[in-house]
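Comments concern the structure below.
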């Protein structure tokens with residue numbers, strides 16, 4: 001019994017240390033976002049803030065144009081997510097549950113997309129968008145987000161659908177369900193955990209995108225949150241660190257809230273199909 005108690009205490013200490021290492025940077029960032037400019041010069045960076053200087057958030061939202069950057073990121077991300085989920089569900093269903101010639105090839109073709117490095121496609125995409133006059137448009141970001149989000153999303157949906165009993169689909173056919181009604185009325189409601197997993201993961205990837213948005217977008221009015229943070233640092237001649245950390249905190253907040261609410265379903269969706277039966 002004593003050995004078990006000691007082991008449990010040691011495990012608790014290790015978990016607490018890991019949590020402290022993970023949580024401390026976040027708490028420090030939020031604390032730094034409320035500091036006045038004078039505190040950065042008179043005190044060490046790790047010192048706690050003297051009060052809550054909410055003007056930093058006002059400066060970040062107005063003078064730093066974070067409102068514009070947030071709107072651009074939301075538009076590009078949400079539109080891309082709609083098409084990613086739509087295509088992932090339909091392609092995943094077609095390559096997993098439907099019988100047709102060439103489905104294995106199509107499935108492997110999409111799987112190969114996971115192994116394509118983003119950097120290798122950057123220059124060709126830039127040249128294509130340049131020739132089509134699509135640079136500095138939200139459309140070029142949206143279509144790129146969709147293309148690079150499909151492979152992983154289809155892979156996750158396929159993993160879930162493989163664990164779905166074929167007898168359920170056969171029963172729906174016997175009851176008179178056509179292929180489209182089966183897909184949207186029977187299969188899709190059962191895939192909610194997989195869909196939530198795809199939504200959350202792809203939201204993180206697209207919201208945090210810096211490479212594509214920095215390469216394809218140079219118009220300040222179309223910049224997304226991540227490129228906007230780089231642009232925001234130059235808004236103030238003498239680095240307004242409080243406002244900078246306020247803008248970073250605002251960019252991180254949507255991801256934290258989303259994952260906190262949906263983390264259970266994300267875990268269920270990630271492990272779906274790992275155990276048969």
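Based only on other Cβ atoms within 10 Å, what is the fewest-to-most ordering of 29, 183, 191?
Working: 29 14, 183 19, 191 24.
Sorted ascending by nearby Cβ count, the order is 29, 183, 191.
Spin-label model, residue 131 to residue 13: label points 7 Å out along the Cα-to-beta-carbon direction sit 6.4 nm apart. The value of relative contact order for region 15-126, using C-alpha pairs under 8 Å at least six residues apart, is 14 percent.
Taking the square roots of 5 times each eigenvalue of the Cα gyration tensor of region 101-145, largest first, gives ellipsoid semi-axes of 26, 12, 9 Å. Given the C-alpha centroids of region 173-213 and region 93-111, what is the distance between them in whole angstrom? For region 173-213 versus region 93-111, the Cα centre distance is 17 Å.
Kirkwood Rh, the chain, all Cα pairs: how many Å? Before the final figure, lay out each step's value.
Values: mean 1/r = 0.0455 Å⁻¹.
It works out to 22.0 Å.
Under the criterion of Cα pairs below 8 Å and six or more residues apart, the relative contact order for region 55-271 equals 36 percent.
Placing a pseudo-label 7 Å from each Cα along the Cα-to-Cβ vector at residue 171 and residue 111 gives an inter-label distance of 3.0 nm. Just checking the listed ones, 42, 151, 172: in the Gaussian network model of the chain with Cα springs under 10 Å, the one fluctuating most is 42.
Just checking the listed ones, 16, 119, 243: in the Gaussian network model of the chain with Cα springs under 10 Å, the one fluctuating most is 16. Between residue 94 and residue 205, residue separation times 0.36 nm minus the direct Cα-Cα distance comes to 37.4 nm. In the elastic network of the chain, a GNM with C-alpha springs shorter than 10 Å, the most mobile of 17, 78, 210 is 17. For region 11-101, the ratio of Cα radius of gyration to the globular rule of thumb 2.2 N^0.38 Å stands at 1.86.
Per residue, the convex hull spanned by the alpha carbons of region 31-154 comes to 190 Å³.
If R0 is 30 Å, the Cβ-Cβ spacing of residue 47 and residue 259 corresponds to a FRET efficiency of close to 0.50.
Each value in this text was obtained by applying a stated rule to the coordinates, not by laboratory testing. Everything quoted here is computed from the prediction, not taken from an experiment. Positions of Cβ are backbone-derived with ideal geometry, glycine not excepted, and every protein chain shown enters the neighbour counts.
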